[in-house]
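*Asks:* The structure follows.
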Amino acid sequence: MPQVVVEPRVRGFISLTAHPEGCAANVREQVAVARAGIAGHAAGHINSVLVLGSSTGYGLASAIVACFGYGAKTLGVCFEKPPEGDKTASAGWYNLAEAHRLAREQGLTFRTINGDAFSPEVKAETVRALRDQIGPVDLVIYSLAAPRRKDAQGNVWNSTLKPIGAPYRGKGFDLRNEAVTESSIEAATDEEIAGTIKVMGGEDWAEWIMLLREEGLLAPSARAVAYSYIGPEVSSAIYRRGTIGRAKEDLERTAHALHRLLDDGKGGGAWVSVNKGLVTQASSAIPAVPLYLSILYKVMKTQGSHEGTIEQMVRLFRDQISPGHTPEVDREGRIRLDDWEMAAPVQTVVEELWSATTTANLALTTDYAGFKADFLRLFGFGVDGVDYSAPTEVDRPLV
Ligand code: NAD
(Lines give C-alpha, C1' and ligand atoms only; values in the text may rest on other atoms or scores of the structure.)
Protein backbone atom coordinates (compact mmCIF):
# COMPACT_ATOMS: atom_id res chain seq x y z
CA MET A 1 0.00 0.00 0.00
CA PRO A 2 1.52 3.40 -1.02
CA GLN A 3 2.78 5.45 1.91
CA VAL A 4 3.66 8.90 0.61
CA VAL A 5 4.68 12.29 2.00
CA VAL A 6 1.94 14.48 0.53
CA GLU A 7 2.60 18.12 -0.23
CA PRO A 8 0.29 20.71 -1.81
CA ARG A 9 0.66 21.19 -5.57
CA VAL A 10 -1.34 24.34 -6.12
CA ARG A 11 -2.24 25.36 -9.68
CA GLY A 12 -4.26 28.57 -9.64
CA PHE A 13 -7.42 27.80 -7.72
CA ILE A 14 -6.92 24.07 -7.07
CA SER A 15 -4.36 21.78 -5.50
CA LEU A 16 -3.61 18.70 -7.56
CA THR A 17 -2.96 16.77 -4.35
CA ALA A 18 -4.97 16.32 -1.17
CA HIS A 19 -3.82 15.15 2.24
CA PRO A 20 -5.85 12.20 3.55
CA GLU A 21 -5.13 12.86 7.23
CA GLY A 22 -5.75 16.60 6.88
CA CYS A 23 -9.07 16.03 5.12
CA ALA A 24 -10.04 13.50 7.79
CA ALA A 25 -9.19 15.98 10.56
CA ASN A 26 -11.29 18.67 8.83
CA VAL A 27 -14.25 16.31 8.74
CA ARG A 28 -13.86 15.39 12.42
CA GLU A 29 -13.81 19.09 13.28
CA GLN A 30 -16.99 19.69 11.28
CA VAL A 31 -18.68 16.74 12.95
CA ALA A 32 -17.86 18.22 16.37
CA VAL A 33 -19.27 21.63 15.35
CA ALA A 34 -22.43 20.02 13.94
CA ARG A 35 -23.00 17.95 17.09
CA ALA A 36 -22.49 20.92 19.41
CA GLY A 37 -24.63 23.20 17.23
CA ILE A 38 -27.60 20.86 16.99
CA ALA A 39 -27.49 19.25 20.46
CA GLY A 40 -30.53 20.29 22.46
CA HIS A 41 -31.86 22.44 19.58
CA ALA A 42 -33.34 19.83 17.25
CA ALA A 43 -37.04 20.65 17.02
CA GLY A 44 -37.88 17.52 15.06
CA HIS A 45 -36.43 14.28 13.83
CA ILE A 46 -35.03 13.88 10.31
CA ASN A 47 -35.10 10.26 9.12
CA SER A 48 -33.27 10.40 5.84
CA VAL A 49 -31.58 12.90 3.58
CA LEU A 50 -30.23 12.96 0.03
CA VAL A 51 -27.41 15.43 -0.64
CA LEU A 52 -26.44 16.12 -4.25
CA GLY A 53 -22.87 17.49 -4.23
CA SER A 54 -21.98 15.94 -0.86
CA SER A 55 -18.20 15.75 -0.82
CA THR A 56 -16.94 19.31 -0.28
CA GLY A 57 -18.11 22.82 0.62
CA TYR A 58 -21.75 23.44 1.50
CA GLY A 59 -22.90 19.96 0.44
CA LEU A 60 -20.41 18.19 2.71
CA ALA A 61 -21.37 20.43 5.62
CA SER A 62 -25.07 19.71 4.93
CA ALA A 63 -24.47 15.96 4.89
CA ILE A 64 -22.47 16.18 8.14
CA VAL A 65 -25.20 18.15 9.91
CA ALA A 66 -27.86 15.70 8.64
CA CYS A 67 -25.98 12.54 9.59
CA PHE A 68 -24.07 13.51 12.74
CA GLY A 69 -26.28 16.34 13.99
CA TYR A 70 -29.68 14.69 13.39
CA GLY A 71 -28.71 11.02 13.02
CA ALA A 72 -30.42 10.97 9.60
CA LYS A 73 -29.66 8.15 7.17
CA THR A 74 -27.66 10.11 4.62
CA LEU A 75 -27.00 9.35 0.98
CA GLY A 76 -24.65 11.64 -0.92
CA VAL A 77 -23.87 11.96 -4.61
CA CYS A 78 -20.59 13.53 -5.74
CA PHE A 79 -17.98 13.48 -8.48
CA GLU A 80 -14.58 12.78 -6.97
CA LYS A 81 -11.31 11.29 -8.15
CA PRO A 82 -10.26 8.04 -6.43
CA PRO A 83 -6.60 7.44 -5.49
CA GLU A 84 -4.47 5.84 -8.18
CA GLY A 85 -1.23 4.11 -7.21
CA ASP A 86 0.75 6.63 -5.22
CA LYS A 87 -1.34 9.55 -6.56
CA THR A 88 -3.71 11.02 -4.05
CA ALA A 89 -7.47 11.08 -4.45
CA SER A 90 -9.27 14.42 -4.60
CA ALA A 91 -10.09 16.06 -1.28
CA GLY A 92 -13.78 15.17 -1.44
CA TRP A 93 -12.93 11.47 -1.66
CA TYR A 94 -10.89 11.62 1.55
CA ASN A 95 -13.55 13.77 3.24
CA LEU A 96 -16.15 11.11 2.58
CA ALA A 97 -13.83 8.22 3.47
CA GLU A 98 -13.58 9.74 6.96
CA ALA A 99 -17.30 10.61 7.17
CA HIS A 100 -18.16 6.99 6.27
CA ARG A 101 -15.67 5.65 8.83
CA LEU A 102 -17.02 7.87 11.60
CA ALA A 103 -20.62 7.01 10.75
CA ARG A 104 -19.85 3.29 10.87
CA GLU A 105 -18.06 3.69 14.19
CA GLN A 106 -21.06 5.51 15.61
CA GLY A 107 -23.76 3.22 14.24
CA LEU A 108 -24.99 5.82 11.73
CA THR A 109 -25.71 5.47 8.01
CA PHE A 110 -23.71 7.55 5.52
CA ARG A 111 -23.46 6.26 1.95
CA THR A 112 -22.09 7.75 -1.25
CA ILE A 113 -22.59 7.34 -4.96
CA ASN A 114 -19.58 8.69 -6.81
CA GLY A 115 -20.51 9.63 -10.36
CA ASP A 116 -22.00 12.29 -12.60
CA ALA A 117 -25.20 13.48 -10.90
CA PHE A 118 -26.47 14.90 -14.21
CA SER A 119 -26.46 11.46 -15.82
CA PRO A 120 -29.48 9.13 -16.07
CA GLU A 121 -27.25 6.26 -14.84
CA VAL A 122 -26.38 7.95 -11.54
CA LYS A 123 -29.98 9.06 -11.07
CA ALA A 124 -31.09 5.42 -11.54
CA GLU A 125 -28.38 4.19 -9.15
CA THR A 126 -29.54 6.72 -6.55
CA VAL A 127 -33.15 5.57 -6.91
CA ARG A 128 -32.01 1.96 -6.35
CA ALA A 129 -29.90 2.89 -3.33
CA LEU A 130 -32.76 4.84 -1.76
CA ARG A 131 -35.21 2.04 -2.41
CA ASP A 132 -32.92 -0.69 -1.07
CA GLN A 133 -31.00 0.99 1.74
CA ILE A 134 -32.37 4.34 2.87
CA GLY A 135 -36.07 4.70 2.13
CA PRO A 136 -38.01 7.83 1.08
CA VAL A 137 -36.20 11.03 2.01
CA ASP A 138 -37.44 13.89 4.19
CA LEU A 139 -34.98 16.33 2.72
CA VAL A 140 -33.14 16.76 -0.58
CA ILE A 141 -30.21 19.18 -0.64
CA TYR A 142 -29.01 20.32 -4.06
CA SER A 143 -25.43 21.63 -3.79
CA LEU A 144 -23.82 20.83 -7.12
CA ALA A 145 -21.19 23.23 -8.42
CA ALA A 146 -20.03 21.91 -11.77
CA PRO A 147 -18.20 23.26 -14.80
CA ARG A 148 -20.23 21.23 -17.30
CA ARG A 149 -23.28 19.09 -17.75
CA LYS A 150 -24.18 16.40 -20.23
CA ASP A 151 -27.97 16.50 -20.30
CA ALA A 152 -30.31 13.53 -20.70
CA GLN A 153 -30.27 14.03 -24.51
CA GLY A 154 -26.46 13.85 -24.60
CA ASN A 155 -25.85 17.59 -25.22
CA VAL A 156 -22.84 19.00 -23.36
CA TRP A 157 -23.22 22.43 -21.76
CA ASN A 158 -20.46 24.54 -20.19
CA SER A 159 -20.78 26.98 -17.34
CA THR A 160 -18.86 30.27 -17.59
CA LEU A 161 -18.23 33.14 -15.20
CA LYS A 162 -18.64 36.22 -17.35
CA PRO A 163 -20.39 39.58 -17.29
CA ILE A 164 -23.44 40.13 -19.48
CA GLY A 165 -23.96 43.06 -21.85
CA ALA A 166 -20.60 44.80 -21.34
CA PRO A 167 -17.06 43.69 -20.48
CA TYR A 168 -15.93 43.75 -16.84
CA ARG A 169 -13.06 46.10 -16.17
CA GLY A 170 -12.16 46.34 -12.54
CA LYS A 171 -10.27 44.92 -9.65
CA GLY A 172 -9.18 41.33 -9.76
CA PHE A 173 -6.76 39.10 -7.98
CA ASP A 174 -4.01 36.95 -9.42
CA LEU A 175 -3.75 33.93 -7.11
CA ARG A 176 -0.49 32.75 -8.70
CA ASN A 177 1.37 36.02 -8.01
CA GLU A 178 -0.77 37.06 -5.03
CA ALA A 179 -1.26 40.43 -6.67
CA VAL A 180 -4.19 42.82 -6.95
CA THR A 181 -4.69 43.39 -10.66
CA GLU A 182 -6.85 45.33 -13.07
CA SER A 183 -8.72 42.55 -14.76
CA SER A 184 -10.81 42.58 -17.83
CA ILE A 185 -13.33 39.93 -18.86
CA GLU A 186 -15.24 40.03 -22.12
CA ALA A 187 -19.02 39.88 -22.04
CA ALA A 188 -20.64 36.47 -22.44
CA THR A 189 -22.20 35.33 -25.69
CA ASP A 190 -25.84 34.17 -25.73
CA GLU A 191 -24.58 30.61 -26.00
CA GLU A 192 -22.44 31.04 -22.87
CA ILE A 193 -25.39 32.46 -20.96
CA ALA A 194 -27.60 29.55 -22.05
CA GLY A 195 -24.88 27.02 -21.16
CA THR A 196 -24.41 28.42 -17.66
CA ILE A 197 -28.16 28.29 -17.03
CA LYS A 198 -28.24 24.67 -18.21
CA VAL A 199 -25.40 23.68 -15.85
CA MET A 200 -26.09 25.78 -12.74
CA GLY A 201 -29.78 26.67 -13.15
CA GLY A 202 -32.77 24.71 -11.90
CA GLU A 203 -33.42 22.18 -14.67
CA ASP A 204 -31.40 19.32 -13.20
CA TRP A 205 -32.69 20.01 -9.67
CA ALA A 206 -36.26 19.77 -11.00
CA GLU A 207 -35.40 16.52 -12.83
CA TRP A 208 -34.18 15.03 -9.55
CA ILE A 209 -37.25 16.08 -7.58
CA MET A 210 -39.69 14.89 -10.26
CA LEU A 211 -37.89 11.54 -10.47
CA LEU A 212 -37.91 11.02 -6.69
CA ARG A 213 -41.57 11.96 -6.57
CA GLU A 214 -42.52 9.57 -9.38
CA GLU A 215 -40.59 6.78 -7.70
CA GLY A 216 -42.34 7.38 -4.37
CA LEU A 217 -39.04 8.29 -2.75
CA LEU A 218 -40.10 11.60 -1.21
CA ALA A 219 -41.42 11.11 2.33
CA PRO A 220 -44.66 12.93 3.29
CA SER A 221 -44.02 16.71 3.66
CA ALA A 222 -40.55 16.34 2.14
CA ARG A 223 -38.47 19.47 1.72
CA ALA A 224 -36.05 20.39 -1.04
CA VAL A 225 -33.39 23.08 -0.72
CA ALA A 226 -30.87 24.37 -3.30
CA TYR A 227 -28.08 26.87 -2.65
CA SER A 228 -27.67 30.27 -4.20
CA TYR A 229 -25.54 33.38 -3.81
CA ILE A 230 -26.17 37.09 -4.30
CA GLY A 231 -23.08 38.90 -3.03
CA PRO A 232 -22.09 42.54 -2.92
CA GLU A 233 -22.12 45.33 -5.49
CA VAL A 234 -18.35 44.95 -6.09
CA SER A 235 -18.76 41.46 -7.54
CA SER A 236 -22.17 41.95 -9.10
CA ALA A 237 -21.00 42.56 -12.70
CA ILE A 238 -19.31 39.17 -12.64
CA TYR A 239 -21.59 37.32 -10.26
CA ARG A 240 -25.19 38.34 -9.79
CA ARG A 241 -25.63 40.33 -13.01
CA GLY A 242 -23.37 37.90 -14.90
CA THR A 243 -23.88 34.44 -16.38
CA ILE A 244 -23.90 32.66 -13.02
CA GLY A 245 -26.45 35.15 -11.69
CA ARG A 246 -28.78 34.25 -14.57
CA ALA A 247 -28.39 30.60 -13.59
CA LYS A 248 -29.17 31.42 -9.95
CA GLU A 249 -32.29 33.36 -11.01
CA ASP A 250 -33.37 30.25 -12.90
CA LEU A 251 -32.68 28.13 -9.81
CA GLU A 252 -34.79 30.51 -7.73
CA ARG A 253 -37.68 30.35 -10.22
CA THR A 254 -37.41 26.56 -10.10
CA ALA A 255 -37.74 26.72 -6.31
CA HIS A 256 -41.10 28.49 -6.72
CA ALA A 257 -42.34 25.87 -9.18
CA LEU A 258 -41.17 22.98 -6.99
CA HIS A 259 -42.65 24.65 -3.93
CA ARG A 260 -46.09 24.62 -5.56
CA LEU A 261 -45.62 20.90 -6.12
CA LEU A 262 -44.36 19.97 -2.64
CA ASP A 263 -46.31 22.40 -0.47
CA ASP A 264 -48.86 20.17 1.27
CA GLY A 265 -49.79 22.66 3.98
CA LYS A 266 -47.97 20.51 6.52
CA GLY A 267 -44.42 21.76 6.04
CA GLY A 268 -43.46 20.31 2.66
CA GLY A 269 -41.93 22.65 0.11
CA ALA A 270 -38.90 23.80 -1.87
CA TRP A 271 -36.65 26.75 -1.16
CA VAL A 272 -33.45 28.35 -2.23
CA SER A 273 -31.08 29.24 0.58
CA VAL A 274 -28.80 32.17 -0.20
CA ASN A 275 -25.60 31.28 1.63
CA LYS A 276 -22.63 33.35 2.68
CA GLY A 277 -19.63 33.77 0.39
CA LEU A 278 -16.91 31.37 1.57
CA VAL A 279 -13.72 29.79 0.33
CA THR A 280 -14.63 26.57 -1.47
CA GLN A 281 -13.28 24.94 -4.60
CA ALA A 282 -16.11 26.47 -6.60
CA SER A 283 -15.85 30.03 -5.24
CA SER A 284 -12.05 30.27 -5.54
CA ALA A 285 -12.49 30.00 -9.31
CA ILE A 286 -14.67 33.10 -9.59
CA PRO A 287 -12.76 36.21 -10.72
CA ALA A 288 -12.47 38.95 -8.04
CA VAL A 289 -14.09 36.67 -5.44
CA PRO A 290 -10.81 35.68 -3.67
CA LEU A 291 -10.11 39.39 -3.09
CA TYR A 292 -13.66 40.10 -1.93
CA LEU A 293 -13.59 37.10 0.42
CA SER A 294 -10.22 38.15 1.88
CA ILE A 295 -11.72 41.55 2.69
CA LEU A 296 -14.98 40.05 3.93
CA TYR A 297 -13.13 37.66 6.26
CA LYS A 298 -11.17 40.58 7.70
CA VAL A 299 -14.32 42.58 8.40
CA MET A 300 -16.49 39.71 9.71
CA LYS A 301 -13.71 38.33 11.92
CA THR A 302 -13.12 41.81 13.36
CA GLN A 303 -16.85 42.28 13.96
CA GLY A 304 -17.19 38.76 15.41
CA SER A 305 -19.71 37.46 12.86
CA HIS A 306 -17.54 35.18 10.71
CA GLU A 307 -18.87 31.68 9.98
CA GLY A 308 -17.60 28.72 7.93
CA THR A 309 -19.65 26.28 5.84
CA ILE A 310 -20.45 24.08 8.84
CA GLU A 311 -21.67 26.98 11.03
CA GLN A 312 -23.85 28.16 8.13
CA MET A 313 -25.37 24.71 7.68
CA VAL A 314 -25.99 24.30 11.41
CA ARG A 315 -27.91 27.58 11.27
CA LEU A 316 -29.83 26.48 8.15
CA PHE A 317 -30.93 23.14 9.58
CA ARG A 318 -31.45 24.20 13.19
CA ASP A 319 -33.32 27.44 12.58
CA GLN A 320 -34.92 27.04 9.16
CA ILE A 321 -35.42 23.68 7.51
CA SER A 322 -35.61 20.95 10.14
CA PRO A 323 -39.10 19.69 10.94
CA GLY A 324 -41.04 22.06 13.18
CA HIS A 325 -39.57 25.16 11.56
CA THR A 326 -41.17 27.28 8.89
CA PRO A 327 -38.36 28.83 6.87
CA GLU A 328 -38.13 32.61 7.21
CA VAL A 329 -37.89 34.03 3.72
CA ASP A 330 -37.32 37.35 1.96
CA ARG A 331 -39.78 38.94 -0.49
CA GLU A 332 -38.62 36.58 -3.23
CA GLY A 333 -39.20 33.54 -1.03
CA ARG A 334 -35.50 32.89 -0.34
CA ILE A 335 -33.91 31.84 2.96
CA ARG A 336 -31.15 34.37 3.69
CA LEU A 337 -28.14 32.84 5.42
CA ASP A 338 -26.11 35.67 3.91
CA ASP A 339 -27.86 38.09 6.30
CA TRP A 340 -24.71 38.72 8.36
CA GLU A 341 -22.54 39.10 5.24
CA MET A 342 -24.90 41.59 3.63
CA ALA A 343 -25.52 43.63 6.80
CA ALA A 344 -24.78 47.36 6.26
CA PRO A 345 -22.05 47.59 8.96
CA VAL A 346 -20.17 44.80 7.14
CA GLN A 347 -20.68 45.96 3.55
CA THR A 348 -19.84 49.62 4.26
CA VAL A 349 -16.39 48.66 5.54
CA VAL A 350 -15.93 46.07 2.77
CA GLU A 351 -16.56 48.75 0.12
CA GLU A 352 -14.03 51.12 1.71
CA LEU A 353 -11.39 48.40 1.90
CA TRP A 354 -12.16 47.23 -1.64
CA SER A 355 -11.26 50.68 -3.00
CA ALA A 356 -8.20 51.02 -0.76
CA THR A 357 -6.62 47.59 -1.32
CA THR A 358 -3.47 47.28 -3.41
CA THR A 359 -0.86 44.54 -3.66
CA ALA A 360 1.35 46.54 -1.28
CA ASN A 361 -1.21 46.85 1.54
CA LEU A 362 -2.95 43.49 1.03
CA ALA A 363 -1.76 42.11 4.38
CA LEU A 364 -3.20 45.13 6.21
CA THR A 365 -6.52 45.75 4.50
CA THR A 366 -7.52 42.13 3.95
CA ASP A 367 -7.35 38.73 5.63
CA TYR A 368 -5.60 37.19 2.65
CA ALA A 369 -3.65 34.99 5.09
CA GLY A 370 -6.99 33.63 6.35
CA PHE A 371 -8.26 33.11 2.81
CA LYS A 372 -5.09 31.24 1.87
CA ALA A 373 -5.16 29.10 5.00
CA ASP A 374 -8.81 28.16 4.35
CA PHE A 375 -7.99 27.46 0.71
CA LEU A 376 -5.19 25.05 1.66
CA ARG A 377 -7.42 23.44 4.29
CA LEU A 378 -9.89 22.53 1.54
CA PHE A 379 -7.24 20.06 0.40
CA GLY A 380 -6.26 18.96 3.91
CA PHE A 381 -3.16 21.13 4.30
CA GLY A 382 -2.28 23.35 7.26
CA VAL A 383 -4.55 21.46 9.65
CA ASP A 384 -3.49 21.46 13.31
CA GLY A 385 -2.26 18.15 14.67
CA VAL A 386 -1.38 16.60 11.29
CA ASP A 387 2.26 15.55 10.79
CA TYR A 388 2.90 16.60 7.20
CA SER A 389 6.47 15.26 7.24
CA ALA A 390 5.25 11.68 7.82
CA PRO A 391 4.41 9.34 4.95
CA THR A 392 0.69 8.58 4.85
CA GLU A 393 -1.45 5.92 3.18
CA VAL A 394 -3.04 7.54 0.13
CA ASP A 395 -4.98 4.49 -1.05
CA ARG A 396 -8.04 4.87 1.15
CA PRO A 397 -11.23 3.20 0.04
CA LEU A 398 -14.63 4.84 0.04
CA VAL A 399 -16.59 2.07 1.75
P1 NAD B 1 -17.88 22.85 -3.97
O2 NAD B 1 -17.03 22.93 -5.19
O3 NAD B 1 -17.21 22.80 -2.65
O4 NAD B 1 -18.82 21.53 -4.05
C5 NAD B 1 -19.40 21.08 -5.24
C6 NAD B 1 -19.93 19.67 -5.06
O7 NAD B 1 -20.55 19.28 -6.29
C8 NAD B 1 -18.85 18.61 -4.76
O9 NAD B 1 -19.38 17.66 -3.85
C10 NAD B 1 -18.64 17.94 -6.11
O11 NAD B 1 -18.16 16.59 -6.03
C12 NAD B 1 -20.06 17.98 -6.65
N13 NAD B 1 -20.13 17.84 -8.10
C14 NAD B 1 -19.63 18.66 -9.06
N15 NAD B 1 -19.95 18.19 -10.28
C16 NAD B 1 -20.69 17.07 -10.08
C17 NAD B 1 -21.31 16.13 -10.94
N18 NAD B 1 -21.28 16.25 -12.26
N19 NAD B 1 -21.93 15.08 -10.36
C20 NAD B 1 -21.97 14.91 -9.02
N21 NAD B 1 -21.43 15.78 -8.17
C22 NAD B 1 -20.79 16.84 -8.69
O23 NAD B 1 -18.93 24.02 -4.10
P24 NAD B 1 -19.72 24.96 -3.06
O25 NAD B 1 -19.07 26.28 -3.04
O26 NAD B 1 -20.02 24.26 -1.80
O27 NAD B 1 -21.06 25.18 -3.88
C28 NAD B 1 -22.23 24.42 -3.70
C29 NAD B 1 -23.44 25.29 -3.98
O30 NAD B 1 -23.46 26.36 -3.02
C31 NAD B 1 -23.43 25.94 -5.36
O32 NAD B 1 -24.74 26.02 -5.84
C33 NAD B 1 -22.91 27.34 -5.06
O34 NAD B 1 -23.31 28.30 -6.02
C35 NAD B 1 -23.59 27.58 -3.72
N36 NAD B 1 -23.00 28.68 -2.93
C37 NAD B 1 -21.66 28.74 -2.73
C38 NAD B 1 -21.14 29.83 -2.02
C39 NAD B 1 -19.66 29.98 -1.80
O40 NAD B 1 -19.22 31.09 -1.52
N41 NAD B 1 -18.90 28.92 -1.88
C42 NAD B 1 -21.99 30.79 -1.48
C43 NAD B 1 -23.36 30.66 -1.65
C44 NAD B 1 -23.87 29.59 -2.39
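The values are calculated or read from the model by the stated rules, or taken from the named source; none is laboratory data. Since the model is a prediction, treat every value here as computed from it, not as a measurement. Here the Cβ is made from the backbone with ideal geometry for all residues, glycine too, and neighbour counts use every protein chain on show. Accessible surface is based on the protein model in full, side chains and every heavy atom, while ligands, DNA and RNA are left aside. Shrake-Rupley method; radii C 1.70, N 1.55, O 1.52, S 1.80 Å.
*Asks:* Taking every alpha carbon pair in segment 320-363, what does the distance histogram look like in 5 angstrom bins from 0, in percent?
*Replies:* Histogramming segment 320-363 at 5 Å steps yields 5, 17, 16, 16, 12, 10, 8, 8, 5, 2, 0 percent.
*Asks:* How do 187-196, 132-141 rank on mean C-beta neighbours within 10 Å, highest first?
*Replies:* On the way: 187-196: 17.1, 132-141: 20.1.
Peptide ranking by packing, descending: 132-141, 187-196.
*Asks:* Between Glu332 and Leu364, 0.36 nm times their residue separation minus their Cα-Cα distance comes to what? Please report the intermediate quantities before stating the final value.
*Replies:* Values: separation 32, 0.36 × 32 = 11.52 nm, distance 3.76 nm.
Gain in length upon complete extension: 7.8 nm.
*Asks:* Could you order the peptides 90-101, 203-214 from most to least packed, using the average number of other C-beta atoms within 10 Å per residue?
*Replies:* 90-101, 203-214
*Asks:* Along the positive direction of the dipole of the chain (beta-carbon charges: Lys, Arg +1; Asp, Glu -1; about the Cα centre), which of Gly22, Tyr292, Gly269 reaches farthest?
*Replies:* Of the listed residues, the answer is Gly269.
*Asks:* While we're looking at this one, here's another question. Is the C-alpha gyration tensor of segment 288-399 telling us rounded, prolate or oblate? Criteria: a/c under 1.5 is rounded; beyond that, a/b larger than b/c is prolate, otherwise oblate.
*Replies:* oblate
*Asks:* Can I ask one more? What part of the accessible area of segment 3-393, given as a whole %, is carbon or sulfur when the probe is 1.4 angstrom?
*Replies:* In segment 3-393, the share of accessible area belonging to carbon and sulfur is 52 percent.
*Asks:* Over its Cα atoms, what ratio of radius of gyration to 2.2 N^0.38 Å does segment 196-311 give?
*Replies:* So the Cα radius of gyration is 1.23 times the expected 2.2 N^0.38 Å.
*Asks:* Which links in Lys73/Lys266; Lys162/Lys198; Lys123/Lys266; Lys81/Lys298; Lys73/Lys198 stretch past 25 Å when you go from one Cα to the other?
*Replies:* Violating the 25 Å limit, Cα to Cα: Lys123/Lys266; Lys81/Lys298; Lys73/Lys198.
*Asks:* For the chain, what is the charge dipole size about the Cα centre, in debye to the nearest 20, if Lys and Arg each add +1 at the Cβ and Asp and Glu each add -1 at the Cβ? Display every interim value, and only then the final one.
*Replies:* Details: 41 positive and 49 negative charges, 56 e Å.
Computed about the Cα centre, the dipole is about 260 debye.
*Asks:* Quick one: accessible area per residue over segment 3-393, 1.4 Å probe, rounded to a whole number of Å²?
*Replies:* 41 Å²
*Asks:* Something else: What's the center-to-center distance, using Cα atoms, between segment 217-236 and segment 293-356 in Å?
*Replies:* If we compute the Cα centre of each part, the gap is 14 Å.
*Asks:* In straight Cα distance, which lysines are under 19 Å from Lys301, not counting same-chain residues fewer than 8 positions off?
*Replies:* Lys276, Lys372
*Asks:* Take every DSSP beta bridge with both residues inside the chain and express the antiparallel ones as a percent of the total, to the nearest 5.
*Replies:* Antiparallel bridges make up about 35 percent of those DSSP assigns within the chain.
*Asks:* A further question follows. With the convex hull built on the Cα atoms of segment 3-393, state its orientation-averaged projected area in nm².
*Replies:* That works out to 19.0 nm².
*Asks:* How high is the relative contact order of segment 3-393, in percent, counting Cα pairs under 8 Å that sit 6 or more residues apart? Provide the component values of the computation, followed by the final result.
*Replies:* Details: 789 pairs, mean separation 83.5, N = 391.
In percent, rounded to a whole number, it is 21.
*Asks:* Using packing as a proxy for protection, rank 351-358, 26-33, 287-294, 266-273 so that the peptide with the highest average count of other Cβ atoms within 10 Å comes first. All intermediate terms of the calculation are to be shown ahead of the outcome.
*Replies:* On the way: 351-358: 15.1, 26-33: 20.1, 287-294: 25.0, 266-273: 21.9.
For the peptides 351-358, 26-33, 287-294, 266-273, the packing ranking is 287-294, 266-273, 26-33, 351-358.
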